[in-house]
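Just so it is clear, none of the values below were taken in a lab; they were calculated from the coordinates. Just so you know, these numbers come straight off a predicted model, no measurement behind them. Glycine gets a Cβ as well: all are built from the backbone with ideal geometry, and neighbour counts include every protein chain shown.
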Amino acid sequence: MRYYILYLRKCPGVKNPRHFKIGIAALDKVRTRLASYQNAVGPVYLEEFMYFWIGEDVDVKEAEKKVKLNFKSKISSAEAGLSEWICEIDKQEILDYIEELKTEHFIKLEDSPAEFTPMSMNNCQDFSEWFEETI
Amino acid sequence: MAKSNVMALAVVPTMKTKVSKTKQKEQRIKNFLNNYAISFDMEDAYIDLRTMAQNYPTGIIPSKDITDGINAVLGAPSMPRLSVDPRKLNIPEFAWIAMDDIGINPIFQRDIAPNHVAKIEVIFQADMIIVPCAIKDPVTGKFLLWDGNHTRQVCERMGWTHLPVWFTEAVIDDEHSLEEATKILILKAGKSFLTINKTGKRPCGNYDAHMISVECGDNEAVTVQRIVDANNCQVKRASTKEGDISHIEHLYGAYDLVQASSGIKGIYLSRSLKFHRDTWPKEEVRGIMMLAMARLYQQTEMQTGKLLPPAFDTEFGDILKKKLYGQSEKVHIRLKEQFESHFGSLGAHPVVVTSGLVLTYLKHGTKFKLAQPEATYPVK
């Protein structure tokens, strides 16, 4: 059994975003994943996971599948690089659905600690260390 | 690292170059579906014809519309529709052939299986025959079957004098000697046999078999469907929504469990579906959980003489959902992992999960006596 995070991103540099990417990463790969996104935008912008949730592999993978299914009509293309972007949506709708997954679908997800939200290259190492101590 | 003023810039779409094949396909499918009031799934693996048919008052889909759908997925065909009249090609020809003019050349036929003949004989109906295919041997004049040998056998045992046959003949002309033409024909027959029986074979899946059986009025399938309906579930090719069942093999596996006291099938399937829907009302029905719970009910009744009451469902549902695992999907995955961790390898899933469920209740439950588990291993 491994721990994962389910994360929500926005397009880099966009104020009041309407498009969001849902994704998952194993806890020991979170830093590498964030670094890939950071590498794509370079030093002009600080990439971040706006929100994230922590859970066991089965729960996080199921949650990701359900989010993509629930918002299928808002995913504009199955093309690589676009298939995980939920478009033209208020982020609260996604957050509400994830809450529903926890309370009504019994998918066990823990909200990220406030001090690590959002998570960026600046605090991801601290988060990993915190998690190692907490688990 | 500091945030820069890039945040303030408006992001403009940059993807104005060549449209990818995936995007082109999506556009074709979107345009095609715009013709229909009731939308339906269009994937590489299947187009949902049952839902598509709901767009037609008679429920009959014209051939052309299915072709348009296929073209939307695959792209334009190499030949325009209705541009070739195959009747002018003279291949194949159709004829009723006298049984004594039919033969088998084992070069391009597999061995005949008496047990398969027996199997077809039981279900054989004269108006349900699929026409066998043959080549006409230019040397002997016999019609040599490359497809339908078992059908031929059944027809002959049924006393038929003639067999309907699609056949092709050798081309013998200035360029091809009799020997060469025969060789070409035999190669064609061999390739055809393999294409029909191996390369091009698409077996009927369990979902299609169930739906066809239900809609054509097969007794058992209708009974299974009624149990599914009564529990607010639906049979689907792929499960995505609450109450969807896609594991048809386990559905029938659970249905087939007979209640010893009454000799009736389906009781445990019904109980199991109710348990799943009451415990995880927002989740699709996990096939292995459905089967394992049905087995738990059956084994317990067989060994204790009592069908577990609804109070058991409430207590056990809370143990699985609230105390230990959460979602149904996680229950069977974790039970399999615990079995594998204890024994070093995984056993048959129904045994592993049923045992795991029994063991879990024995550990955490308080009120009811259950069957002995088929396998014993440490559970959470």
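For the stretch B:21-74, dividing the convex hull volume of the Cα atoms by the residue count gives 69 Å³ per residue.
The alpha-carbon atoms of chain B define a convex hull whose volume equals 298 cubic angstrom per residue. Extension gain, B:ASP278 to B:ASN55: 0.36 nm times the residue separation minus the Cα-Cα distance gives 76.9 nm.
To the nearest 0.05, what FRET efficiency results for A:GLN125 and B:LEU178 with a Förster distance of 56 Å applied to their C-beta separation?
Values: r = 82 Å, r/R0 = 1.47.
It comes to 0.10.
Counting only the Cα atoms, the stretch A:3-134 fills a convex hull of 109 Å³ per residue. Ordered by the number of other Cβ atoms lying within 10 Å of each residue's own Cβ, fewest first, B:TRP280, A:TRP53, A:TRP130, B:TRP96 fall into the sequence B:TRP96, A:TRP130, A:TRP53, B:TRP280. Shown here are the Rg and Dmax of the Cα trace of the stretch B:336-380, at 10.3, 33 Å. Look at the Cα gyration tensor of the stretch B:50-174: its axes a ≥ b ≥ c give a/c of at least 1.5 with a/b at or below b/c, and that counts as oblate. Here the label points at A:GLU93 and B:ASP48, each 7 Å from Cα along the C-beta direction, are separated by 2.0 nm in the simple model. When both the stretch B:121-149 and the stretch B:302-380 are represented by their alpha-carbon centers, they are found 54 Å apart. Annotation for the stretch B:23-63 versus the stretch B:279-294: alpha-carbon center distance of 31 Å. With Cα atoms as the point set, the stretch B:13-115 shows a radius of gyration and Dmax of 21.8, 73 Å.
Of the trypsin sites (Lys or Arg not before Pro) found in the stretch B:132-208, those in coil by DSSP whose Cβ has at most 12 other Cβ atoms within 10 Å are B:LYS201.
Give me the count of lysine pairs in the stretch B:81-202 whose alpha carbons sit under 21 angstrom apart, restricted to pairs 8 or more positions apart or on different chains. For the stretch B:81-202, the number of qualifying lysine pairs is 14. With the simple spin-label model, which puts each label point 7 Å out from Cα in the Cβ direction, the B:ASP101 to B:PHE40 separation comes to 4.2 nm.
On a full-extension model of 0.36 nm per residue, what is the gain between B:LYS367 and B:GLU220, subtracting their alpha-carbon distance, rounded to one decimal in nm? Please list the in-between numbers first.
Working: separation 147, 0.36 × 147 = 52.92 nm, distance 3.56 nm.
Net length gain for the segment: 49.4 nm.
Note on the protein assembly as shown: Kirkwood hydrodynamic radius from all Cα pairs is 28.5 Å, rounded to one decimal. In chain A, helical runs assigned H by DSSP with n ≥ 4 each contribute -39500 (n - 2.57); averaged across all residues and rounded to the nearest 500, the mean residue ellipticity at 222 nm is -11500 deg cm²/dmol.
Indicate the gyration tensor shape class of the stretch B:207-364 (rounded, prolate or oblate), computed on the Cα atoms with a ≥ b ≥ c the square roots of the eigenvalues: a/c under 1.5 is rounded; otherwise a/b larger than b/c is prolate and the rest oblate.
Numbers: a/c = 1.61, a/b = 1.37, b/c = 1.18.
Note, shape of the stretch B:207-364 comes out prolate.
Estimated from the Cβ-Cβ distance and a Förster radius of 51 angstrom, the FRET efficiency linking B:VAL131 and A:SER73 is about 0.65. Counting only other chain Cβ atoms within 10 Å of each residue's Cβ, the peptide A:69-77 averages 1.
Among the listed pairs A:LYS91/B:LYS323; A:LYS65/B:LYS236; A:LYS15/B:LYS21; B:LYS21/B:LYS64; A:LYS21/B:LYS321, give every one whose C-alpha distance is greater than 27 Å.
A:LYS91/B:LYS323; A:LYS15/B:LYS21; A:LYS21/B:LYS321
With contacts taken as Cα pairs under 8 Å and at least 6 residues apart, the stretch A:3-134 reaches a relative contact order of 31 percent. Counting only other chain Cβ atoms within 10 Å of each residue's Cβ, the peptide B:323-329 averages 5.
Which distance in Å, rounded to a whole number, links the C-alpha centroids of the stretch B:158-234 and the stretch A:102-135? For the stretch B:158-234 versus the stretch A:102-135, the Cα centre distance is 56 Å. FRET efficiency for the B:GLU340 to B:TRP160 pair, using the beta carbon distance and R₀ = 60 Å, is estimated at 0.60.
What does the convex hull of the alpha-carbon atoms of the stretch B:318-359 project to on average, in nm²?
On the way: hull surface 11.1 nm².
Value for the stretch B:318-359: 2.8 nm².
Extending 7 Å from Cα along the Cβ direction at B:THR240 and again at A:ARG18 yields two label points whose distance is 2.4 nm.
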